1. How do the pairs read when you match residues in segment 110-135 that are surrounded by 13 or more Cβ atoms within 10 Å (Cβ to Cβ) with residues anywhere that are of a type in the set (Phe, Trp, Tyr), using Cβ under 6 Å and keeping only pairs 6 or more apart or on different chains?
2. Please state which one of 118, 105, 89 is modelled with pLDDT of 95 or more and either of a type in the set (Lys, Arg) or in contact with a strand residue (DSSP E or B) (Cβ under 7 Å, 6 or more places away or on another chain) (or both).
3. Does segment 122-142 include one or more residues that are in a strand (DSSP E or B), of a type in the set (Gly, Ala, Ser) and either at pLDDT below 95 or more than 15 Å from the chain's Cα centre (by Cα) (or both)?
4. Do you know which residues across segment 18-47 are surrounded by fewer than 19 Cβ atoms within 10 Å (Cβ to Cβ) and either hydroxyl-bearing (Ser, Thr, Tyr) or in contact with a His (Cβ under 6 Å, 6 or more places away or on another chain) (or both)?
5. Looking only at residues that are in a helix (DSSP H, G or I) and in contact (Cβ under 8 Å) with a residue 12 or more places away in the chain in segment 1-27, which one is nearest to residue 128 (Cα to Cα)?
6. When you scan segment 62-72, do you find a residue that is more than 23 Å from residue 18 (Cβ to Cβ), under 17 Å from the mean Cα position of the chain (by Cα) and either in contact (Cβ under 8 Å) with a residue 40 or more places away in the chain or part of a strand (DSSP E or B) (or both), even just one?
7. Any residue in segment 81-95 that is exposed (fewer than 15 other Cβ atoms within 10 Å of the Cβ) and of a type in the set (Asp, Glu)?
8. Filter segment 73-101 down to the residues that are outside any strand (DSSP E or B), farther than 20 Å from residue 61 by Cβ and of a type outside the set (S, T, N, Q) and list them by number.
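The values are calculated or read from the model by the stated rules, or taken from the named source; none is laboratory data. Everything numeric here is computed off the predicted structure, so don't read it as measured data. Cβ coordinates were reconstructed from backbone atoms using ideal geometry, including for glycine residues, and neighbour counts include every protein chain displayed.
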Amino acid sequence: MSQVLVVRLPIRTRYAETDMMQYIHHSVYPVYFEAARTELLRSIGVSYRALEEQGILLPVMELGVKFFHPAYYDDELEIEARYQPRRRALIRLDYVVWREQQRLAEGFTTHLFVDKQARRAMKPPQFFWDAVQKALEGQHATV
């Protein structure tokens with residue numbers, strides 16, 4: 001599969017997310033990534049809740065962020081999440097944080113499908129691949 005699923009999630013920054021320099025603290029960006037990742041999964045009809053109810057966990061195995069410009073209190077941001085499906089147990093999502101047309105940060109997370117009971121890696125379930133394929137077909141490579 002060489003197509004890509006994309007979601008852009010609007011977020012307004014909150015005062016509690018700022019640091020002493022009045023920037024949005026670097027530790028907040030992974031939270032933004034999680035919010036966008038959750039919406040990407042939901043957009044294809046696979047929620048974290050549904051995965052967990054099926055006995056599947058999707059823990060973060062790796063996380064990276066590169067910063068270009070700071071975000072400030074009350075900024076209107078868009079968090080873009082991209083997933084290029086590949087048939088593996090380990091999946092990677094890429095993110096870009098935008099303020100209007102300015103790229104503020106980019107990052108990635110990798111996740112492993114894990115059997116909740118056995119606490120071992122597993123193949124992604126067929127319902128996940130079916131949802132991905134349906135989303136790709138329905139939106140001409142972009143959701």
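1. These pairs meet every condition: 122/113; 124/113.
2. 105
3. Within segment 122-142, none of the residues are in a strand (DSSP E or B), of a type in the set (Gly, Ala, Ser) and either at pLDDT below 95 or more than 15 Å from the chain's Cα centre (by Cα) (or both).
4. 18, 19, 23, 27, 38, 43, 47 - these are the residues of segment 18-47 that are surrounded by fewer than 19 Cβ atoms within 10 Å (Cβ to Cβ) and either hydroxyl-bearing (Ser, Thr, Tyr) or in contact with a His (Cβ under 6 Å, 6 or more places away or on another chain) (or both).
5. Only one residue fits best here, namely 26.
6. Scanning segment 62-72, I find at least one residue that is more than 23 Å from residue 18 (Cβ to Cβ), under 17 Å from the mean Cα position of the chain (by Cα) and either in contact (Cβ under 8 Å) with a residue 40 or more places away in the chain or part of a strand (DSSP E or B) (or both), so the answer is yes.
7. no
8. Across segment 73-101, the qualifying residues are 73, 74, 75, 100.
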